[in-house]
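Colleague: Encoded as structure tokens, here's the structure I'll be asking about.
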Amino acid sequence: MKVVIAERNLLPHRQMLSGLLEPTGATQSWHDRFDEDRLVTDLADADVYVGGRLTPAMARAGTQLRLVHPVGAGFDKVSCPDLPAQTQVANTFHHENSIAEYVVAAAVTLRRGLLPQDAALRAGRWATPVYRDGLPQPRSLRGAMIGYVGFGHIGRRTADVFAALGARGCAVTGSGRIANPDGLDWYSDPSDLGRLMHDADVVVVSAPLNEHTAGMIGAAELAGLGPDAVLINVGRGPLVVAEDLYEALRDNVIGAAAIDVWYHYPIGDDVASPSELPFAELSNILMTPHSSGVTAETFEGRVRDVADNIVRLAEGRPIQRVVWPRAECNTPTTVDSK
């Protein structure tokens, strides 16, 4: 069995993955950067591809592929329709704890006004109502309503952490159903998105991106959120209309936002503007480079999942968390996978 690995987030865990694959006797071919031409050549005799990006040319070259394994939940950059009929695509998670930490940290940072306080104090100004008249006292999260747009692994774990701080919750999901609604005041389907935006002090966006959810939050929804509220997007950038988000922040239609998922991503290096719009000029936004789930603990868990599925393949046992061919797979180029 030959395994081609082109996931840079696994490089720090190479020894761990190699050790877990020892029982299979698999030959491992590691790539420290994404080079489509090299990968096309390498995939010609590969059984397994580990990586979040598989182009049409790579998929067509991998005529013997039996398993493609993104090292995350998203598989939107895997060209599934170009894969051989026998190929399965499986995903993995383990990011919910890390993302929950990020969401709560971002909510505290933005609701408490820590970004402008930091900027002011660097210039010698004490931007707190203790020293400056007219500034409002910020509110804590106790009693705050957290609105979840999407309520899967991320939403459930995030709600548990917020609940420990005394916050309440409400949610909308594509189906309107939630397996474990503990801690939610109410939940519904997207027809109640406007109600959620009106009720929430903090909105956490973690829905999947598809033809039904793209652009689901626009000017009207942001206006419903209001000038004191916070939007946190850890799902996919295009779930929120870029122009409407920028204008809502610029014009203080909403209070602040933390954006971890974007509209443009680097290709081949670490340099790229995340949007054509000048979000970086705004003072009421926390901008992070799709890093909310990137911790050592996240990828250690994912390594175990990937290795387990490769061992299963070698032993003829069922693959876990198969998303293709059982699920539809799109390949948009404007988003990245976690």
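Colleague: Which of the following residues is free of Cβ contacts under 8 Å to residues at least 40 places away in the same chain and assigned to a loop (DSSP other than H, G, I, E, B): Gln86, Gln117? First the steps, then the outcome.
Modeller: Numbers: Gln117 fails: assigned to a loop (DSSP other than H, G, I, E, B).
Criteria check complete, one pass: Gln86.
Colleague: Here's a follow-up. Which condition number in (1) touching a residue at least 40 places away in the same chain (Cβ under 8 Å); (2) in contact with a His (Cβ under 9 Å, 6 or more places away or on another chain) is the one that Arg38 fails?
Modeller: Of everything listed in (1) touching a residue at least 40 places away in the same chain (Cβ under 8 Å); (2) in contact with a His (Cβ under 9 Å, 6 or more places away or on another chain), Arg38 misses just condition (1).
Colleague: Restricting to the range 277-290, give me the number of residues that are without any contact (Cβ under 8 Å) to a residue 60 or more places away in the chain and not acidic (Asp, Glu). So that I can check it myself, show each step before the final result.
Modeller: Of all residues in the range 277-290, those without any contact (Cβ under 8 Å) to a residue 60 or more places away in the chain come to 277-282, 285, 287, 289-290.
Add one more test, that the residue is not acidic (Asp, Glu), and what stays is 277-280, 282, 285, 287, 289-290.
Residues that pass the stated criteria total 9.
Colleague: Got a number for residues in the range 89-106 being assigned to a loop (DSSP other than H, G, I, E, B) and closer than 14 Å to Ala296 by Cα?
Modeller: Kept after step one, since they are assigned to a loop (DSSP other than H, G, I, E, B), are these residues of the range 89-106: 91-95.
Going one step further and asking which of them are closer than 14 Å to Ala296 by Cα, we end up with 93-95.
Within the range 89-106, residues that are assigned to a loop (DSSP other than H, G, I, E, B) and closer than 14 Å to Ala296 by Cα number 3.
Colleague: Pick out the one residue from Ala105, Ala57, Ala44 that is free of Cβ contacts under 8 Å to residues at least 60 places away in the same chain, within 24 Å of Ile232 (Cα to Cα) and either surrounded by fewer than 22 Cβ atoms within 10 Å (Cβ to Cβ) or charged (D, E, K, R) (or both). Please lay out each step first, then the result.
Modeller: On the way: Ala57 fails: within 24 Å of Ile232 (Cα to Cα); Ala44 fails: within 24 Å of Ile232 (Cα to Cα).
Answer to the check: Ala105.
Colleague: Tally the residues that are open to solvent by less than 50 Å² (accessible area, probe 1.4 Å) and either basic (Lys, Arg) or part of a loop (DSSP other than H, G, I, E, B) (or both), restricting the search to the range 279-318.
Modeller: 10
Colleague: Let me ask something else. Is there any pair linking a residue in the range 255-276 that is over 24 Å from Pro116 (Cβ atoms) to one that is open to solvent by less than 30 Å² (accessible area, probe 1.4 Å) and modelled with pLDDT of 95 or more, with Cβ under 6 Å and at least six apart or on different chains, and which?
Modeller: Going by the 6 Å Cβ cut-off, the qualifying pairs are Tyr263/Gly237; Tyr263/Ala242; Tyr263/Ser275.
Colleague: List the number of the failed condition for Arg321; all other conditions in (1) open to solvent by 20 Å² or more (accessible area, probe 1.4 Å); (2) at pLDDT below 95; (3) in contact with a strand residue (DSSP E or B) (Cβ under 7 Å, 6 or more places away or on another chain) hold.
Modeller: (2)
Colleague: Out of curiosity, is Val68 in the same structural domain as Gly268 (by the TED database), open to solvent by less than 50 Å² (accessible area, probe 1.4 Å) and not in a loop (DSSP other than H, G, I, E, B)?
Modeller: On the way: in the same structural domain as Gly268 (by the TED database): no; open to solvent by less than 50 Å² (accessible area, probe 1.4 Å): yes; not in a loop (DSSP other than H, G, I, E, B): yes.
No, not satisfied.
The values are calculated or read from the model by the stated rules, or taken from the named source; none is laboratory data. Nothing here was measured: the structure is a model prediction, and the numbers come from that model. Glycine gets a Cβ as well: all are built from the backbone with ideal geometry, and neighbour counts include every protein chain shown. Just so you know, the surface numbers come from the protein's heavy atoms only, side chains and all, with ligands and any DNA or RNA stripped out. Shrake-Rupley method; radii C 1.70, N 1.55, O 1.52, S 1.80 Å.
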